[in-house]
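In what follows, a structure is listed as structure tokens, so that the remarks can point back to it.
The values are calculated or read from the model by the stated rules, or taken from the named source; none is laboratory data. Note that the structure is a prediction, hence the values are computed from the model and not measured. Cβ sites come from the backbone with ideal geometry, for glycine too, and all protein chains shown count toward neighbours. These area figures cover heavy atoms from the full protein model, side chains too; ligands, DNA and RNA do not enter into them. Shrake-Rupley method; radii C 1.70, N 1.55, O 1.52, S 1.80 Å.
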Amino acid sequence: MDSKEGREEGPDYSQILSTLHNALTQKNVEQARTNMKDFLATIDDPQTALLDLLESCNISKGKGNALANIIANETQKWLLEHPECQLSGLRLKKVQARVFHLVTEGQLLDYLISIYRLQEADRSFLLGPVTHLHLMGKYKEAAILSTRLNLQPDLDLEQMCTPLLLMERFNLVEAYVAGNTELQTKLLQMLDRWSLSRFNPRKLSREYKGLPLVKTDKLNPKTITKLAFRLLQLYKLDPAICSNIINQRHMGTLKYLMHKRFVEKTMTEENWSDHVQSIVVDNDWLQEQCIAQLFRYCDRQTAGCWALKFGIPKEKLPRDLADILQDFCIQEKLSEGEKNSDDSLQVRKNHFYQLPIPRSKVHFLQSHTALPLCRDIVLQDGQVVGVDMEWRPSFGGIGKPNVSLIQIAVKDEVFILDLLQGDFLQNGDEEEEKCPLLVRLIKELFSCPAVTKLGYGMHGDFQSLDATHTAFRGVELCNVIDLCEVHKQIQYCRGRVRTPGGPVDVLEDRLGEEGIRQPEKGLCLLVKDVLGKPLDKTEQLSNWDKRPLREDQIIYAAADAYCLLEVFETLLNSPEKFGLKPDFQKLQTKGKPKPQPKMERSPQKTPASPKQKLETRTDEARSNPSNKPLSPREFRVICDNMLQGLGRYLRCLGIDVLMLDNDDDHRRAAEIARQDGRVILTCGLPYQTLRSQIGEGRCFSVDCSEKARQQAIKVLKHFNVRVTLSDVFSRCQVCNCDKYMHISQEQMMSLMKLREHIEDSKGKENPQELQPASQSESSDGSQDLEWMKDLGLYLNLPSGAKVQLSSVPAGIVEKVSLFFCCSQCGKIFWEGSHFGRVVSQFKEVLEDQGESFYQSASQGL
């Protein structure tokens, strides 16, 4: 039966929509659902009625979300309960064609796809609407629809994803290629091509309808490289897919190694050589670049030696270098240079901390059969154990590196466990649980309350340990002391966060004649502060995966763990000497997890890990050890170039904010932070690098997925910054200056008249723009402008900037009694509705409801 008696004219949609709307207005959702069910029971074709209802409530314009959701939800339930009412065949195809203009708005998508069984429709039929959306410039909607209907294999990936990438809709791109290795590979290959310097995103954006011109600094090779590395790690694909990006990353590592070896001179020849060879192996382009860098940083003989080692043809070498290859004395000259460094090595021994135990007490273990003896010694009641780990430097590679060595130090002995060549990670047959013997030892050690465990910055150790073997995850921590936290207390008590250590000494004169002597940091600085001599970190960047290890590497690894014991003993004997409380060692792990800085959005929550349990204080206490509230004038920050919005909000609240320019390198933030004592606010991948350069307590990771206002609130709470009403707008949002000139309404009118007079005088022989106000006459000669001379305010400020009178609307002067002119940039402000909006946005962090800045300023404060 096509219709029922009495309903030939069709359902009355206006009546049911009015009924549903009234129910929702009264917040009676259950009544609305009941009304919709009653309506569905009176019609023959719910699927067609649903489209009519949605079109009637203007869902295509983005209105009526709650109403539309109830209508679609109840219709879906009704059709599941009454399958006989569902359309099929030609009738279904006809209503499917009407669905797409509703689906494209991104609302009710899942409901409509399910109700009209779009995934069962012919793929050629579905591709038409997707292609049409793309041609109309609705790239986001086209991507969402094709993803939900699994149409990606039938579409051109580059055509679909390019506009999304140009609009920085990376989340849609990731969803588009999710679960399809072929698409993921094509996406990374496209990013690899884009990473070349000749890529021009602005030119590419012109090829897509309705796409705004992309700023070149928004999608530059650096941004593309970071995205590609993140996707490689996320999808676990072969990095060889991105050969250009990998080469550029290796090139950056080469430059870093050259600087460490030949400028800072903080890397041994052996370590440097190991890393260089592993980077450029079998890559002709990198080998040529390496020779070019050597030619720049050191003598021609060294460059020639490496050119011979690589077997680079002479025609690909600089002419001067090709000629030097005929010299058969290269190796002899280099060896003589190495012999002359013996005196320097002796100086290093005199200057740096030396392992105080004999070499025979350093045990290098490679078999699980030696673990029982180690276990019996380190797990004795009352034992104090220093723990450290070594791994091969990744130089910004993908993923966390695997641990190569674990060093466990006790009084007068050090055990070095070789995880690469040893069999420590093999299962123990004598145990019912198939858990490696070393894993059981590590878990038992860190959970044992009778043994005190010492480490320094152990977050990174546990991250690498987790990556080495899954069995290490879930280590329970008890009686663990991270000396990095103790070091922060010492530094705070001494009134510094990080300063170069001590005056220049003999070692600096001997080793720094041609290079830059770097200040000590981290554990090296702690050892110097407590024991008087720093650690020698020249072996730190060793290739710890290469076997056999050199003797210098073994001694360094042992000293890295043993020094923890001596530092702790010295602090325990005289804590007051270092500004510590007598019970400082009781600040041990309580097992409370600490959320790690958010590197990327993830829909899943990860379980607490040992690195999270190591924190003994809250985030506020770590960044501000005394937990003392800070005023905005005491808190100074520098924002990276991805957080411009956050920086402007913080300036609104009176905080001294510097912001990197778009073309500034992130390392610039670390330099400024060290010089000015600022906190770095950054996001994404640069956080890990900057934190290692400036210290964890002075670098904060901001969640880019949040709006700038929410970011600002989190920063204020994290650092315990107390903002009052008088701080709001106390600093210029444009130039960061906190000095304002007060201009009354009458004075502003005079300035506006003077400006009009000067504009009328343009083109005359002696324009008056740069003359002092006292020598200038207004257009009608009725205003005495001597007050400008007293204020030091002309149309040009002493800073050289012009007073920005053009930004003041003509009608506003008669409504505002007091204006504020920034003494640095000339920007003019006045109290208006914007002040109220800012106060409303940040009311949860405002300290009091006292006078606003504008009110206090108007009283001459």
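Of note:
- Filtered residue count, the range 696-706, keeping only those that are open to solvent by 20 Å² or more (accessible area, probe 1.4 Å) and either part of a helix (DSSP H, G or I) or in contact (Cβ under 8 Å) with a residue 40 or more places away in the chain (or both): 6
- Residue, most open to solvent (accessible area, probe 1.4 Å), within the range 808-850, restricted to residues that are touching a Lys or Arg at 6+ places or on another chain (Cβ under 6 Å) and within 24 Å of Leu646 (Cβ to Cβ): Glu847
- When Leu51, Leu79 are checked against the criterion of being surrounded by 14 or more Cβ atoms within 10 Å (Cβ to Cβ), in a helix (DSSP H, G or I) and modelled with pLDDT of 90 or more, a single residue qualifies: Leu79.
- Subset of the range 400-415 (residues that are open to solvent by 30 Å² or more (accessible area, probe 1.4 Å) and either outside any strand (DSSP E or B) or of a type in the set (A, V, I, L, M, F, W, C) (or both)): Lys400, Asn402, Lys411, Asp412
- The residue that is surrounded by the fewest Cβ atoms within 10 Å (Cβ to Cβ), counting only those in the range 104-155 that are hydrophobic (A, V, I, L, M, F, W, C) and part of a loop (DSSP other than H, G, I, E, B), is Met136.
- Residue in the range 87-95 that is open to solvent by 60 Å² or more (accessible area, probe 1.4 Å), more than 19 Å from Leu145 (Cβ to Cβ), out of contact with any Lys or Arg (no Cβ under 7 Å at 6 or more places or on another chain) and outside any helix (DSSP H, G or I) present: yes
- Whichever residue in the range 715-749 is closer than 16 Å to Ser807 by Cα and open to solvent by less than 10 Å² (accessible area, probe 1.4 Å) and, among such residues, is modelled with the highest pLDDT: Cys732
- Against the numbered list (1) without any contact (Cβ under 8 Å) to a residue 40 or more places away in the chain; (2) surrounded by fewer than 19 Cβ atoms within 10 Å (Cβ to Cβ); (3) over 32 Å from the mean Cα position of the chain (by Cα), Asn180 comes up short only at (3).
- Pair list, Cβ < 7 Å and 6+ apart or interchain, from the range 33-45 residues that are closer than 21 Å to Arg91 by Cβ to residues that are of a type outside the set (A, V, I, L, M, F, W, C) and open to solvent by less than 20 Å² (accessible area, probe 1.4 Å): Leu40/Pro46; Leu40/Glu74; Leu40/Thr75
- Flag set for Gly397, criterion: crowded, with 16+ Cβ neighbours inside 10 Å, of a type outside the set (S, T, N, Q) and not in a strand (DSSP E or B).
- Meets criteria (of a type in the set (Ser, Thr, Tyr), crowded, with 16+ Cβ neighbours inside 10 Å and either at pLDDT below 70 or out of contact with any strand residue (DSSP E or B) (no Cβ under 6 Å at 6 or more places or on another chain) (or both)) for Ser609: yes
- One residue stands out among those in the range 183-203 that are part of a helix (DSSP H, G or I) and modelled with pLDDT under 90: the one that is least open to solvent (accessible area, probe 1.4 Å), which is Pro201.
- Of the residues making up the range 387-407, none is within 27 Å of His459 (Cβ to Cβ), of a type outside the set (S, T, N, Q) and over 31 Å from the mean Cα position of the chain (by Cα).
- Any hit, the range 144-165, residues being closer than 24 Å to Thr223 by Cβ and among the basic types (Lys, Arg): no
- Cβ pairs under 8 Å, 6+ apart, first in the range 796-823 and in a helix (DSSP H, G or I), second open to solvent by less than 70 Å² (accessible area, probe 1.4 Å) and among the β-branched types (Val, Ile, Thr): Leu805/Ile828; Ser807/Ile828
- Residue match in the range 440-448 (condition: of a type in the set (D, E, K, R), closer than 25 Å to Gln585 by Cβ and touching a residue at least 24 places away in the same chain (Cβ under 8 Å)): yes
- Number of the condition not met by Leu371 [criteria: (1) under 21 Å from Met458 (Cβ atoms); (2) buried (at least 19 other Cβ atoms within 10 Å of the Cβ); (3) of a type in the set (A, V, I, L, M)]: (1)
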